[in-house]
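What follows draws every value from the coordinates through simple rules; no lab data is involved. Small disclaimer: the values here were computed from a predicted structure and weren't measured. Counting neighbours? That spans all protein chains shown, and the Cβs are built from the backbone with ideal geometry, glycine included.
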Amino acid sequence: MQVKNFLSFKTVLIFLIVLFLLVFNVFPMCYLVFKSFTGESGFTLEAFKRIYTHALNWNALRNTLLTAGLSMIFGVMIAFPLAWLVGRTDLYGKKFFRTLFVMTYMVPPYVGAMAWLRLLNPRVGTLNVWLADLFGLSQNLFNIYTIGGLVWVLTTFYYPYAFITISRAMEKMDPSLEEASKISGASPLKTVLTVTFPVMLPSIVAAGLLVFVSAASCYGIPSIIGAPGQIDTVTTRIIDYVYVGSQEGLSDATTLAVSLMIIANIVLYISTFICGKKQYITVSGKSTRPNIVELGRWRLPLTLLVSLFALIVVIIPFATVAMTSFTKNLGKALTLDNFTTRYWHILFTRKGILDTAKNSLISASVAATAGIIISCVMAWLLTRTRAKGRQIPDFLITLGSGTPSVVIALALIMTMSGRFGINIYNTLTIMIIAYMIKYLLMGMRTVVSAMSQIHPSLEEAALISGAKWQRGFWDVTLPLIAPSVVAGWFLIFMPSFYELTMSTLLYSTDTKTIGYELYNYQTYHSQQTASAIATGILLLVIIVNWLLNKLTKGEFSI
Amino acid sequence: MSSITLNNITKSYGNVQVIHEFSEIFQDKEFITLLGPSGCGKTTMLRMIAGFEKPTTGEIKIDNVTVSSPSKFVPPNERNIGMVFQSYAVWPHMNVFDNVAYPLKIQGVSRPEIKHRVENALESVHLSQYINRMPDELSGGQQQRVALGRALVSEPRVLLLDEPLSNLDAKLRESMRFEIKEVQRKFGITVVYVTHDQTEAMAMSDRIIVFNRGVVQQVDSPINIYRNPANQFVADFVGKINFLHGESSNGTITFSGGQSMSYSGDKLGSVVVAVRPENIFMTQDRGALRGTLTHSYYLGDENDCRVDFDGNIIRVISSGRSYGEIKAGSQVWLDFDEYLVFQDDGVDYTKILS
Ligand SMILES: Nc1ncnc2c1ncn2[C@@H]1O[C@H](COP(=O)(O)OP(=O)(O)O)[C@@H](O)[C@H]1O
Ligand SMILES: [Mg+2]
């Protein structure tokens, strides 16, 4: 009897999660696809024809594929050596570099766009001017408002995705594979090229594809950098169409969004089902300590090289944004005369900013809390039960996260504004749901991996000691997964808090978010105020990182 | 005070049957060992007694109270059983004291009483000086004793142990064997012990249950398991053995090589003669069967020899002191002191270990 009840309890849980995902994820996406392929008289490709007869849209599609493709290539070319140097060698300051690169992952990408805009503006960019002075050039070297500029910013802000994926795979790789190569007489470099790299290839491809999809779905960077240079991408076109507001605009946006979604889903399919399967073969289950390669006389030069990279890609942009927030006149250098705390004052007093910050805080907290509850339930279902159908929500959550933000938001607008009995448009609820669908996966992965490291016998030992399963969960499981639950919560909270793309589409006058507010200040009003907000977010990211490291005794890694 | 009754137990996962029908009564204070190659279903059996798995059919009673049957199921936390898991399952976030105290806390025992009983339990597993250590500051053997202390602290009716010594080194394993035996005697509990190590089973058990592929092969005392194995699998799995094929007729067994020996048993036709290496006497002057000594290995306490018997290699073990008395290549005579004859069913039992 008891066992029966228990089974139905699992079924109910799965059913509830699947129901949520069906209503807010699967149905809206399907509706979007359905809309784009139907006209007044059934199935038609009319919409696609119309969209792609505009040269503008063709260009946007080409720009998206080009910039995302180049970012993928450069991102992996940076991430692999970096992951190897930081993870597997005796480079100086490995821990510091690792923290720095992982932290970049948690920083909103549009901050990078803001910084590089200041640094590489073709006329007054700080770095441009400085370089021209240094080499006595008559002309500035770089122009950020180009495809090249876009690729540069996309690469420097999405390579951490590849870095983290590759690092994780490297940590899990069985070190005896490399030892076998060395004992056969191969040099460390030869070993990297003939064993480490090939064995890791599936993970590297997966990492590259992740960069590709993220860069292709990015809206913040192309809208801040592309707009002045009149470089359109699919995401900026979609949002332009939605802003047109007409029914036609909406249907054009839908068609473009479906194109983007198809690209993203193909990539997701390749990376989960083809690379994912292969990845499984290469790593051993044992948690062995990776062997550390001694760099010898290369140790110092390579450390300097990595430091230079960190300086250019992380420190300078972040410092630029921070400095901008203290600058009176952006045309001049930041001297004492030109220094002001006015914008920080605005940050903490202006009602518009405080209200939007509150909105973001509320919706991100709710999304993170609801998300982490689902994550815990999913972790339990996936690692502790053999309940039928437990893979279904897992699959749907993966699918949701792989879907570009613009697409999620657009699909929600189309279906959740009353046409099908649910009207949550213009509320915080629709934001929360959008955030959950996009960011749930990170939280879930964290909790699932923590849970799968707890041997079930630890819980059984509590049962046999006389504890009911609830008590055993409370005394044994929870304390052991708590750090991961907290980490998972922040991994949903942080990106939701500063989210821009979906918020841009879903906001109403009362539900503006801090990301949207920042974007508004950056593009229309005051770069300094935007920079103050961005610096605030940076500080928050640093604090959260520090907190997570403390909580997990330095073992926190994404 | 605590007996375990198993009635017609079977267990299937999907349509794979991992335990075939089995009935047995484990008596109070008995030390029962489930012995078999890995994957034969020992853990599954133990987990059914603990209540982590439900038998597909059949009934389990502890002290004549049904704990598992098609109509009734008592969950593990209400069975009052102590269990030591193969992986120890010592909670990494609790120190030794808290680990061992846990079952008592669940029972709501008073604090001073808990302290007293935990100290006693740690005393009996020789861990008193580690009471405040965290598990990751303990060696494998010490963690295993924490698990044992935790299993014993609430004075359970039944103690279940799943290969508790398999992760320890040989020396520690031997001393732990006696400690577990000691603890059982002291607390007077019924023990069900799972192992794939036959020496362990022989040394500790009152009765051994030999399993293969989910089928019980024999339930008997260690002596009977060794000297009167019920079939070729048991004979082969417990101890060392030679199997020689032959034909039995008219009171003689003729081996495949042509030599024969007299036989007074009742088996006829194709047979297998099973003889343990230490039950073969090897001399140079005379005997029943003839062979050639090919190798001889000095192991200290014994002299491990190989004899070519008309093309079949027979293993012979004699005392260590006899090493070197007979040169390799010499002709030798063999006498079988104690042997068994099985009907030959054509299966090679030296090759199928589950
Ligand atoms: N949860 C399960 N689902 C399916 N098969 C299982 C499960 N647990 C054990 N088995 C199978 O049952 C058989 C017996 O397993 P087990 O009792 O663990 O063996 P032992 O402890 O003797 O090594 C094995 O073949 C194993 O693969
Ligand atoms: Mg087992």
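Annotations for the structure displayed:
- Overall, the anisotropy analysis places the range B:196-312 in the oblate class: the square-rooted eigenvalues a ≥ b ≥ c of its C-alpha gyration tensor yield a/c not less than 1.5, with a/b not exceeding b/c.
- Put simply, the amide H of B:N212, placed in the peptide plane, has neighbours under 5 Å in B:Q217, leaving out anything fewer than 5 places away on its chain.
- The range B:42-113 versus the range A:356-398: alpha-carbon centroid distance in Å: 32 Å
- Calculated from backbone phi, Karplus (6.51, -1.76, 1.60) coupling profile of the range B:317-325 in Hz, x at Gly/Pro: 10, 10, 5, x, 5, 6, 4, x, 5
- For the range B:123-136, putting each phi into the Karplus relation 6.51 cos²θ - 1.76 cosθ + 1.60 with θ = phi - 60° gives couplings of 4, 6, 9, 6, 10, 3, 7, 9, 3, 9, 6, 8, x, 6 Hz, in residue order, rounded to whole numbers and with x for Gly and Pro.
- If R0 is taken as 56 Å, the Cβ-Cβ distance between B:I223 and A:F473 corresponds to a FRET efficiency of 0.75.
- Taking amide H as placed 1.01 Å from N in the peptide plane, B:N242 has its amide H under 5 Å from the amide H of B:V275, B:R276, each at least 5 places away in sequence or on another chain.
- Residues A:T341 and B:L168, FRET efficiency given R0 of 51 Å [Cβ-Cβ distance, rounded to 0.05]: 0.15
- Measuring against 18 Å, Cα to Cα, the residue pairs B:K11/B:K42; B:K11/B:K54; B:K29/B:K72; A:K468/B:K105 contain B:K29/B:K72 as the ones spanning a longer distance.
- Sequence ranges A:134-140, A:246-252, A:24-30, ranked by mean other-Cβ count within 10 angstrom, highest first: A:24-30, A:246-252, A:134-140
- Distance from the Cα centroid of the range A:185-216 to that of the range A:102-179 is 20 Å (rounded to whole angstrom).
- Here the gap between A:Y243 and A:I315, fully extended at 0.36 nm per residue and compared with their Cα-Cα distance, gives a gain of 22.4 nm.
- Under a 5 Å amide H cut-off, with hydrogens placed 1.01 Å from N, B:R290 pairs with B:L334 among residues at least 5 apart or on other chains.
- FRET efficiency for the pair A:L137 and A:E294, taken as 1/(1 + (r/R0)^6) with r the Cβ-Cβ distance and R0 = 51 Å, rounds to 0.75.
- Couplings 3J(HN,Hα) for the range A:234-246, derived from phi with the Karplus relation 6.51 cos²θ - 1.76 cosθ + 1.60 (θ = phi - 60°), are 4, 5, 5, 4, 4, 5, 4, 4, 4, 5, 4, x, 6 Hz, where x marks Gly and Pro.
- Links that overshoot a 21 Å alpha carbon limit, given the list A:K438/A:K550; A:K94/A:K172; A:K95/A:K172: A:K438/A:K550
- Gaussian network model of chain B, springs between alpha carbon atoms under 10 Å - residue of B:V65, B:V16, B:V210 with greatest fluctuation: B:V16
- Between the range B:174-209 and the range B:115-170, the Cα center-to-center distance that results, in Å: 15 Å
- Once you divide the Cα radius of gyration of the range A:45-324 by 2.2 N^0.38 Å, the number left is 1.14.
- In chain A, a dipole from Cβ-located charges (positive for Lys and Arg, negative for Asp and Glu) runs towards its positive end, and of A:I514, A:I481, A:I312 it is A:I481 whose Cα lies farthest in that direction.
- Going by neighbour counts of Cβ atoms within 10 Å, the residues B:R117, B:R111 line up, fewest first, as B:R111, B:R117.
- Computed [θ] at 222 nm, helices only, for chain A once each DSSP H run of length n ≥ 4 contributes -39500 (n - 2.57): -22500 deg cm²/dmol
- Global geometry of the range A:338-458, whether rounded, prolate or oblate, following the gyration tensor of its Cα atoms and the 1.5 cut on a/c: oblate
- Mean Cβ count within 10 Å, highest first, over the residues of peptides B:241-251, A:53-63, B:45-55: B:45-55, B:241-251, A:53-63
- With 0.36 nm allotted per residue and the present C-alpha distance subtracted, the A:V33-A:K550 stretch has 181.6 nm of extension available.
- Of the Cα atoms belonging to the range B:4-233, the radius of gyration and Dmax stand at 17.6, 56 Å.
- Tilt relative to chain B, helix B:96-107 - C-alpha long axis, 0 to 90 degrees, to 10: 70 degrees
- Volume per residue of the convex hull around the Cα atoms, evaluated for the protein assembly as shown, comes out as 246 Å³.
- Stretched out straight at 0.36 nm per residue, the stretch from A:Y52 to A:T427 would grow longer than its current Cα-Cα span by 131.6 nm.
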